[in-house]
Amino acid sequence: GRRAVPCMGTAAQLYGFDVENTTAVHVLDPGVRMRPTAGLMVHQRTGAELQSVTGRLATAPAWTAVEVARELPRPRALATLDAALRAGRCTPQDLERTVADQRGRRGIVAVRELLAHADGRAESAMESEARLVMIDYGVPAPELQYPIYGRDGQLWRVDFAWPEARVAAEYESVEWHAGRMEMLRDRTRAAGIQDVAWTLIPIVVDDVRRYPARLADRLNGQLARAVRAS
């Protein structure tokens, strides 16, 4: 007879920043006999901050983001923090306060270290993962969602850019190229960017997850060549 309080990935879905595509329902223990079952996870979360969303109470956005991030590997944790900021549901200060509130809990140290890198300009989880490769392997920090203007006034935004070197990088998903029109659009866009003297580096999932050192070397190599040529 009580309304359940969503938490973890279920609350993240309600706020619009569930990057893990959560399927199970996650709720706080209501304090009565309620056991987890297939598709239902019941969590003991003392001190959780609550907020109203879609007409019901759920764990607050920053609390939710930090709790989800604590359970994930670093790349996905950063993706969650980025998505929470991008959704506009919390601020960097909210996340910092929540990390302090959750001190001593499992995984909180890793989340605290990622806070300095969380950025709401990331438009996908894989962009966040790619950016963490750059951070971990010493690639100079790029500008995010940087505008490049074509010869005829076109405006393109690239995922990562080093404007001084006129080097840009883009994460390319399979879905982005799924179809003839998408492929033509992408080729026209890439040609237009190169036509205004930018080097455009494509990034795919294997670059990020299987060969991160090689990706970093490729980026650093292009940046170094641009410096020598200037």
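The values are calculated or read from the model by the stated rules, or taken from the named source; none is laboratory data. As the structure is a computational prediction, the values presented were derived from the model and not from experiment. Please note: Cβ atoms are built from the backbone with ideal geometry, for glycine as well, and neighbour counts cover all protein chains shown. With ligands, DNA and RNA removed, areas are computed over all heavy atoms of the protein, side chains included. Shrake-Rupley method; radii C 1.70, N 1.55, O 1.52, S 1.80 Å.
Here His43 fulfils each of the conditions (1) at pLDDT 95 or above; (2) open to solvent by less than 50 Å² (accessible area, probe 1.4 Å) apart from (1). Has the range 159-176 got any residue that is assigned to a helix (DSSP H, G or I), under 29 Å from Leu114 (Cβ atoms) and among the aromatic types (Phe, Trp, Tyr)? Yes, that holds for at least one residue. Residues in the range 79-95 that are in a helix (DSSP H, G or I) and hydrophobic (A, V, I, L, M, F, W, C): Ala79, Leu81, Ala83, Ala84, Leu85, Leu95.
Can you confirm whether Ala141 is on the phi < 0 side of the Ramachandran plot, touching a helix residue (DSSP H, G or I) at 6+ places or on another chain (Cβ under 8 Å), open to solvent by 20 Å² or more (accessible area, probe 1.4 Å) and at pLDDT 95 or above? Yes; evaluated as a whole, the condition is true for this residue.
Within the range 33-51, the set of residues being touching a strand residue (DSSP E or B) at 6+ places or on another chain (Cβ under 8 Å), in contact (Cβ under 8 Å) with a residue 24 or more places away in the chain and of a type outside the set (A, V, I, L, M, F, W, C) comprises His43, Arg45, Glu49. Taken together, the residues in the range 122-151 that are in contact (Cβ under 8 Å) with a residue 24 or more places away in the chain, more than 9 Å from the chain's Cα centre (by Cα) and in a loop (DSSP other than H, G, I, E, B) amount to 7. Criterion applied to Ala116, Ala87, Ala100 was being surrounded by fewer than 18 Cβ atoms within 10 Å (Cβ to Cβ), free of Cβ contacts under 8 Å to residues at least 24 places away in the same chain and under 15 Å from the mean Cα position of the chain (by Cα), and the one residue passing it is Ala116. Within the range 58-78, being open to solvent by 10 Å² or more (accessible area, probe 1.4 Å) and in a loop (DSSP other than H, G, I, E, B) holds for Glu71, Leu72, Pro73. If you go through the range 103-112 one residue at a time, do you hit one that is in a helix (DSSP H, G or I) and open to solvent by 70 Å² or more (accessible area, probe 1.4 Å)? Yes, that holds for at least one residue. So which pairs qualify, if the first residue must be in the range 52-74 and modelled with pLDDT of 95 or more, the second must be open to solvent by less than 80 Å² (accessible area, probe 1.4 Å) and of a type in the set (Asp, Glu), the Cβ gap must be under 6 Å, and the two must be at least 6 apart or on different chains? Between residues of the range 52-74 that are modelled with pLDDT of 95 or more and residues that are open to solvent by less than 80 Å² (accessible area, probe 1.4 Å) and of a type in the set (Asp, Glu), the close pairs are Ala60/Glu49; Ala62/Asp94; Trp63/Glu49. Scanning for something more than 26 Å from the chain's Cα centre (by Cα), β-branched (Val, Ile, Thr), more than 20 Å from Glu71 (Cα to Cα) and in a loop (DSSP other than H, G, I, E, B), does the range 40-57 turn up at least one residue? There is no residue in the range 40-57 that is more than 26 Å from the chain's Cα centre (by Cα), β-branched (Val, Ile, Thr), more than 20 Å from Glu71 (Cα to Cα) and in a loop (DSSP other than H, G, I, E, B). Here the range 1-32 is the region considered, the condition is being touching a residue at least 24 places away in the same chain (Cβ under 8 Å) and more than 23 Å from Cys90 (Cα to Cα), and the residue that is farthest from the chain's Cα centre (by Cα) is Val32.
Among the numbered conditions (1) in contact with a Ser or Thr (Cβ under 6 Å, 6 or more places away or on another chain); (2) open to solvent by 40 Å² or more (accessible area, probe 1.4 Å); (3) of a type outside the set (D, E, K, R), the only one that Val167 does not meet is (2). Here Thr199 clears all of (1) closer than 20 Å to Val133 by Cβ; (2) loosely packed, with under 13 Cβ neighbours inside 10 Å except the condition numbered (2).
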